[in-house]
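The values are calculated or read from the model by the stated rules, or taken from the named source; none is laboratory data. Since we're looking at a predicted model, the values are computed, not measured. Cβ placement follows ideal geometry from the backbone for every residue including glycine, while neighbour counts extend to all protein chains displayed. Ligands, DNA and RNA are stripped out before the accessible areas are found, and what is left, the full protein with its side chains, is counted by its heavy atoms. Shrake-Rupley method; radii C 1.70, N 1.55, O 1.52, S 1.80 Å.
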Amino acid sequence: MSSATLREIWRYRELMYFFAWRDIKVRYKQAALGVGWAVLQPLLTMIVFTLLFGRLAGVPSDGLPYPLFAYVGLTLWTYFSGVIAQAGQSLASNSNLVTKVYFPRFALPASSVLSGLLDLVVSLTFVVVLMAYYGIRPSWPLVLAPVFLVGTMLFTMGISLLLAALTVRFRDVKYTVPLILQLWLFVTPVIYPASFVPERYRSFLLLNPMAGLVEGFRSCILTDRWPDPVLTALSISVAIGVFFVGWIYFHKAERSFADII
């Protein structure tokens, strides 16, 4: 990522904010609950998971109340999956802009990442309510929570850039992403703790950056235990690596967007 590219991003920062605000207004246009959906979506999913996995299947939650355990994991996962689904189509759905007006194409998937932050912040405010209800107080590991939030943003941005560029060339990506996200949820410790995975399979969690990000974020907020340093370091490193890979591929593919979109 050259200094010229960074200057271009800074130069067009207001355009990214404009696209992000447009996405927010379109998302909640004529929606009676407005941003309340940011809480309702993970809340309803949490209720279903609590009944199916917490009560019927007896999935453990590392000594935490299962509804709170699941909801905190779902806040990050809902942000990640929601942004990926939207950002992957950001170029194809704005083909008129891409072919007629010059602007850094990076701004379109980036705006999805930015607009999703509003939902994330709103959904996290409800975590405070649940923690108060269950009598759980945050401890010193809370200071590391922003690290996992930034790591999630970088990983989400990298995947978004890759999918947005690939969707321009291969429209099949549009149909495969929802399926991949559904499967990805169940290999990420959202509805179960990493300790629930048998020891011989636990190393496979290292292949999934969202595993360390979700597990570490939940540990920082709800417990007095510091996150696993190995899983944390690997997840953050992979998140940064995916961001740069996505950026490089997007930048190279950008030259042909207007011709093939």
Estimated Rh, the chain: Kirkwood, alpha-carbon pairs, angstrom:
19.3
Counting only protein heavy atoms with a 1.4 Å probe and every protein chain in place, the carbon and sulfur fraction of the accessible surface of the range 70-125 in whole percent equals 64
Run the accessible area of the range 174-220 with a 1.4 Å probe and give the carbon-and-sulfur part as a rounded percent.
71
Would you mind finding the longest exposed-site-free stretch of the chain, with exposed trypsin sites (Lys or Arg not before Pro) meaning DSSP loop and at most 14 other Cβ atoms within 10 Å?
30-170
The answer for the chain, accessible area per residue at 1.4 Å probe in Å², is 52
With all protein chains present, calculate the accessible area of I9 using a 1.4 Å probe and round the result to the nearest 10 Å².
40
